[in-house]
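**Q** My questions all concern the structure below.
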Amino acid sequence: MPITFALIKERKNPPDRRVVFSPQECQEVIKKFPDARIIVEASEIRVFPDQAYRDAGFVVKDDVSEADVLIGVKEVPVDALIPNKKYFFFSHTIKKQPYNRKLLQAILEKKIELFDHETIVNDHHHRLIGFGYYAGLVGAYNGFRGLGLRDGLYDLPKVETLHDLEAVKNELDKINLPTLKIILSGTGKVARGAKEILDHLKIREVTDAEYLSMQFNEPVYCLIDVTEYNKRSDGGEFDKEGFYENPEGYESDFMKYAQVSDMFITGHFYGNGAPYLFTKEDAKKPEFKINFVADISCDVNGPIASTLRASTIAEPFYGYDAKREQEVPFGTPNSIGVMAVDNLPCELPKDSSEGFGQMFLEHVIPAFFNGDANGILSRAQMTQSNGQLRERFRYLQSYVNGA
């Protein structure tokens, strides 16, 4: 049975130039799935211009209400939602975010079937698609850009002024780094993106034992995961699965790294109830040596004490005065430099769109034509056409009700 998909215009401010499918990926979809039809909502900001979709053979129009499935990136404004449709976008409601309560209420009122990109998971509930890898790439680059600006070492351009990832790496080839020790946390897509930047800079990766015990005359980095920056409070053996299920009884063991590091790039996922990596009290200690934090994870007032707020692409850096526990101008002597942009992939719209589209094509589109054989759509669907939450998302009912 034919299905019409629409790529919708991004309407959120600040403007987001990303899209789920490039023109070439649209061609891949209809080639693999003859029953798929794609139309494109006209947009003046999208990284791929309207004409590129027309040239690829797709209809571009202002009204896409004929589509069965509407696919976007960021939240759709309430007044732009078309009733009785299927929608894919990041709704930012699954953690009961107060600022999007009205959005979820409207989705239910309009009897829309919502599939959040964050809820597209496999049968082990591991996320299948996302922009994390690109957040890691841009976040690490921004960290080195901030270091160069603050310390007068070199001048890297903003990522948003560069055409693609290749151009980003070409800029990195022009800089020389001083001797410094960098800690990178995490093992997922974000950390993988950040690691790619570190490796491109030819920064040597060293083992945990080497990092903690040795001095170096070159830049080095160490990659750590939850088992290395946390420990059992009772001194017992670390149980990784147990930690993820219930982190009570564990405490941070991050200070051993903070004592020997100059820069911290955060690529970790922070789970509710897990120990903070470093607290405001930790940052005040004389032995705390980190002076720049590229906080890609960006959990405000959370596990990274210096992240007081999200920064912006326009103004990506600020300073943190640990003694006074407050923000100060970037570059203030004895402050910690902070990069905490929370929409990093927006700076690399072409590459991040193409990467996201490949994942969406691999994992989501087939489900529409194979009877959802792997349960992708069933697990991802948050709301039903009868205006009710799906069983897995009933925990949001009190949030919808305003409680």
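**Q** Mind checking which residues of segment 142-176 are surrounded by fewer than 17 Cβ atoms within 10 Å (Cβ to Cβ), part of a loop (DSSP other than H, G, I, E, B) and hydrophobic (A, V, I, L, M, F, W, C)?
**A** Scanning segment 142-176 gives 153, 175.
**Q** Given the criterion hydrophobic (A, V, I, L, M, F, W, C), surrounded by 18 or more Cβ atoms within 10 Å (Cβ to Cβ), free of Cβ contacts under 8 Å to residues at least 40 places away in the same chain and assigned by TED's automatic domain parsing to the domain that holds residue 182, identify the matching residue among 278, 317, 330, 264.
**A** 278
**Q** Further question on the same structure: Restricting the search to segment 272-299, which residues are under 24 Å from residue 137 (Cα atoms) and not in a loop (DSSP other than H, G, I, E, B)?
**A** 278, 292, 293, 294, 295
**Q** Moving on. Tell me whether segment 222-234 contains one or more residues that are without any contact (Cβ under 8 Å) to a residue 12 or more places away in the chain and either of a type outside the set (Ser, Thr, Tyr) or not assigned by TED's automatic domain parsing to the domain that holds residue 264 (or both).
**A** Taking every residue of segment 222-234 in turn, none turns out to be without any contact (Cβ under 8 Å) to a residue 12 or more places away in the chain and either of a type outside the set (Ser, Thr, Tyr) or not assigned by TED's automatic domain parsing to the domain that holds residue 264 (or both).
**Q** Could I ask something else about it? I'd like to verify a number: residues in segment 385-403 that are part of a strand (DSSP E or B) and free of Cβ contacts under 8 Å to residues at least 40 places away in the same chain, how many?
**A** Count: 0.
**Q** Between a first residue in segment 341-370 that is at negative phi and polar (S, T, N, Q) and a second residue that is surrounded by 19 or more Cβ atoms within 10 Å (Cβ to Cβ) and in a helix (DSSP H, G or I), which pairs have beta carbons less than 6 Å apart while being 6 or more apart in sequence or on different chains?
**A** 352/134; 352/345
**Q** Going through segment 3-53 one residue at a time, which ones are surrounded by fewer than 17 Cβ atoms within 10 Å (Cβ to Cβ), assigned to a loop (DSSP other than H, G, I, E, B) and aliphatic (A, V, I, L, M)?
**A** Passing the criteria: 42, 45.
**Q** Among the numbered criteria (1) farther than 19 Å from residue 193 by Cα; (2) in contact with a helix residue (DSSP H, G or I) (Cβ under 7 Å, 6 or more places away or on another chain); (3) buried (at least 21 other Cβ atoms within 10 Å of the Cβ), which one does residue 323 miss?
**A** (3)
**Q** How many residues are closer than 23 Å to residue 349 by Cα and in a loop (DSSP other than H, G, I, E, B) when one looks only at segment 65-79?
**A** 6
**Q** Oh, and also: Considering only residues that are under 17 Å from residue 302 (Cα atoms) and loosely packed, with under 15 Cβ neighbours inside 10 Å, which ones fall in segment 243-261?
**A** Within segment 243-261, 248, 251 qualify.
**Q** Which members of segment 300-319 meet the condition of being part of a strand (DSSP E or B) and within 27 Å of residue 161 (Cβ to Cβ)?
**A** Hits for segment 300-319 are 311, 317, 318, 319.
**Q** Can you tell me which residue within segment 118-142, out of those that are in contact (Cβ under 8 Å) with a residue 40 or more places away in the chain and in contact with a Phe, Trp or Tyr (Cβ under 7 Å, 6 or more places away or on another chain), is farthest from residue 337 (Cα to Cα)?
**A** So, considering only residues that are in contact (Cβ under 8 Å) with a residue 40 or more places away in the chain and in contact with a Phe, Trp or Tyr (Cβ under 7 Å, 6 or more places away or on another chain), the one farthest from residue 337 (Cα to Cα) is 129.
**Q** Evaluate the following for residue 254: is it more than 26 Å from residue 135 (Cα to Cα), among the aromatic types (Phe, Trp, Tyr) and in the same structural domain as residue 197 (by TED's automatic domain parsing)?
**A** Spelling it out, it is not the case that residue 254 is more than 26 Å from residue 135 (Cα to Cα), among the aromatic types (Phe, Trp, Tyr) and in the same structural domain as residue 197 (by TED's automatic domain parsing).
**Q** I would also like to ask the following. Please return the ranges of strands (runs of 3 or more DSSP E) entirely within segment 177-239 where 1 or more residues are among the hydroxyl-bearing types (Ser, Thr, Tyr).
**A** Per the criteria, 181-185, 220-224.
**Q** Would you confirm, using the coordinates I've provided, whether residue 65 is of a type in the set (S, T, N, Q), under 30 Å from residue 400 (Cβ atoms) and surrounded by 19 or more Cβ atoms within 10 Å (Cβ to Cβ)?
**A** So residue 65 does not fit the description; no.
**Q** Can I ask one more? Go through the residues of segment 337-345 one by one and say whether even a single one is part of a helix (DSSP H, G or I) and either within 30 Å of residue 3 (Cα to Cα) or within 18 Å of the chain's Cα centre (by Cα) (or both).
**A** Checked against the condition, which is being part of a helix (DSSP H, G or I) and either within 30 Å of residue 3 (Cα to Cα) or within 18 Å of the chain's Cα centre (by Cα) (or both), segment 337-345 yields at least one hit.
**Q** Sticking with this structure for a sec: If I ask for residues that are part of a loop (DSSP other than H, G, I, E, B) and surrounded by 12 or more Cβ atoms within 10 Å (Cβ to Cβ), which ones from segment 366-384 would you list?
**A** Matches in segment 366-384: 369, 372, 374, 375, 382, 384.
The values are calculated or read from the model by the stated rules, or taken from the named source; none is laboratory data. It should be emphasised that the depicted structure is a prediction, and the values quoted were computed from it without experimental measurement. Backbone-built Cβ (ideal geometry, glycine too); neighbour counts: all protein chains shown.
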